[in-house]
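Asker: Before I ask anything, here is the structure I am working with.
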Amino acid sequence: MSKQPSHMTILRKIFKAIDIDTVLEFGTGLISTPFFIDRCKSVVSVEQQDRRFHQMAQVLHEEYQHLLPLLLLGPGRGSEWLASADDVYDLVLVDGHSQARYRDVNEAFSHTEIIVAHDTEDKRYSWEKIVVPEGWQIVECTAAPIHTTVWTKRAEVVDALTAKKKENE
Ligand SMILES: C[S@@+](CC[C@H](N)C(=O)[O-])C[C@H]1O[C@@H](n2cnc3c(N)ncnc32)[C@H](O)[C@@H]1O
């Protein structure tokens with residue numbers, strides 16, 4: 001089993017399979033944010049904790065101008081902000097506010113063709129409130145104890161995630 005967090009194993013497979021230039025992530029962090037900064041032309045990173053924003057997202061932005069950090073306080077603010085924008089991203093990672101994740105996924109269906117959500121085994125996140133539009137496929141990645149789920153309209157992504165390969169290839 002891979003030693004890296006399960007969302008990173010999945011993201012690596014997706015990035016290996018297709019070109020991803022633009023990313024929106026809910027939940028700035030030391031793992032996913034530098035990964036996206038290194039590989040993408042533009043990264044929007046939504047953080048919902050004040051201290052964490054100032055310690056991490058703002059500091060990273062000073063060095064990496066293609067990272068746009070957004071501080072949006074309150075569980076519904078991230079999805080409300082996204083709903084008010086016409087923006088489209090190659091991929092959306094949902095790994096942020098614990099009470100917001102299902103809302104972030106529901107809104108992301110209108111803004112991308114690939115959504116990756118972390119901690120999907122954890123019932124406290126109300127994942128059952130996700131309403132999947134027609135035409136989307138779901139890949140549940142359960143090899144690691146912490147699960148990651150991908151909703152996508154891209155057949156190549158489904159193929160990449162369901163191919164029988166070693167986890168951290
Ligand atoms: C697991 S961390 C994100 C990790 C990051 N995506 C990575 O892979 O490096 C979860 C994020 O959600 C935010 N978050 C979680 N629960 C929260 C809450 N109750 N209120 C505000 N922010 C919260 C944290 O500030 C943090 O940015």
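No value in this document is a laboratory result; all are computed from the given coordinates. Bear in mind that the values here come from a model prediction, so they are computed numbers and not experimental data. Cβ placement follows ideal geometry from the backbone for every residue including glycine, while neighbour counts extend to all protein chains displayed.
Asker: Counting other beta carbons within 10 Å of each Cβ, put TRP81, TRP151 in order, fewest first. Can you show the working numbers first?
Answerer: On the way: TRP81 15, TRP151 23.
Ranked by crowding around the Cβ, least crowded first: TRP81, TRP151.
Asker: Please give the FRET efficiency for ILE138 paired with ASP86, using the beta carbon to beta carbon distance and R0 = 35 Å, rounded to the nearest 0.05. Don't skip to the answer; put the middle values down first.
Answerer: On the way: r = 26 Å, r/R0 = 0.73.
Given R0 = 35 Å and the Cβ-Cβ separation, E is 0.85.
Asker: Could you name the aspartates and glutamates in cross-link range of LYS16, using Cα to Cα under 19 Å and dropping any fewer than eight places away on the same chain?
Answerer: The qualifying aspartates and glutamates are GLU25, ASP38, ASP90, GLU113, GLU140, GLU156, ASP159, GLU167, GLU169.
Asker: Highest mean first, what order results for 89-102, 53-66 on Cβ atoms within 10 Å? Before the final figure, lay out the partial values.
Answerer: Working: 89-102: 23.2, 53-66: 14.1.
Ranked from most to least packed, the peptides come out as 89-102, 53-66.
Asker: Also, quick follow-up: Provide, for q = 0.10, 0.15 Å⁻¹, the log10 of I(q)/I(0) from a solvent-free Debye sum over equal Cα point scatterers in the chain.
Answerer: -0.33, -0.79
Asker: How would ILE146, ILE10 line up from fewest to most surrounding beta-carbon atoms within 10 angstrom?
Answerer: Working: ILE146 14, ILE10 27.
Listed from fewest to most nearby Cβ atoms, that is ILE146, ILE10.
Asker: Further, regarding this structure: Lys and Arg at +1, Asp and Glu at -1: add these up for the other residues within a Cβ distance under 11 Å of HIS147 and post the number. Write out the running numbers ahead of the final one.
Answerer: On the way: positive: none; negative: ASP119, GLU121, ASP122, GLU140.
For residues surrounding HIS147, the net value is -4.
Asker: I've got another one for you. How much length would be gained if the chain were fully extended between ARG39 and ALA17, taking 0.36 nm per residue of separation minus their Cα-Cα distance, in nm to one decimal?
Answerer: Details: separation 22, 0.36 × 22 = 7.92 nm, distance 1.33 nm.
Once the chain is fully extended between ARG39 and ALA17, it gains 6.6 nm.
Asker: Could you pull out which residues in segment 59-87 have an amide N less than 12 Å from a spot 7 Å beyond the Cα of ASP50, following the Cα-Cβ vector?
Answerer: Only 73-74 pass the distance filter.
Asker: Using alpha carbons only, how many angstrom separate the centre of segment 2-29 from the centre of segment 90-168?
Answerer: 11 Å
Asker: Share of antiparallel DSSP beta bridges in the chain, in percent to the nearest 5?
Answerer: 35 percent
Asker: How high is the relative contact order of segment 83-157? Use alpha-carbon pairs under 8 Å, at least six apart in sequence, and give a whole percent.
Answerer: Numbers: 116 pairs, mean separation 22.5, N = 75.
Relative contact order for segment 83-157 comes out at 30 percent.
Asker: Something else: Which distance in nm do the two modelled labels at VAL131 and HIS66 give, with both placed 7 Å along the Cα-to-Cβ direction?
Answerer: 3.6 nm
Asker: Right, next: Could you give the dipole magnitude of the chain about its Cα centre, charging the beta-carbon of Lys and Arg +1 and that of Asp and Glu -1, in debye to the nearest 20?
Answerer: Working: 19 positive and 26 negative charges, 105 e Å.
Using Cβ point charges on Lys, Arg, Asp and Glu, the chain gives about 500 debye.
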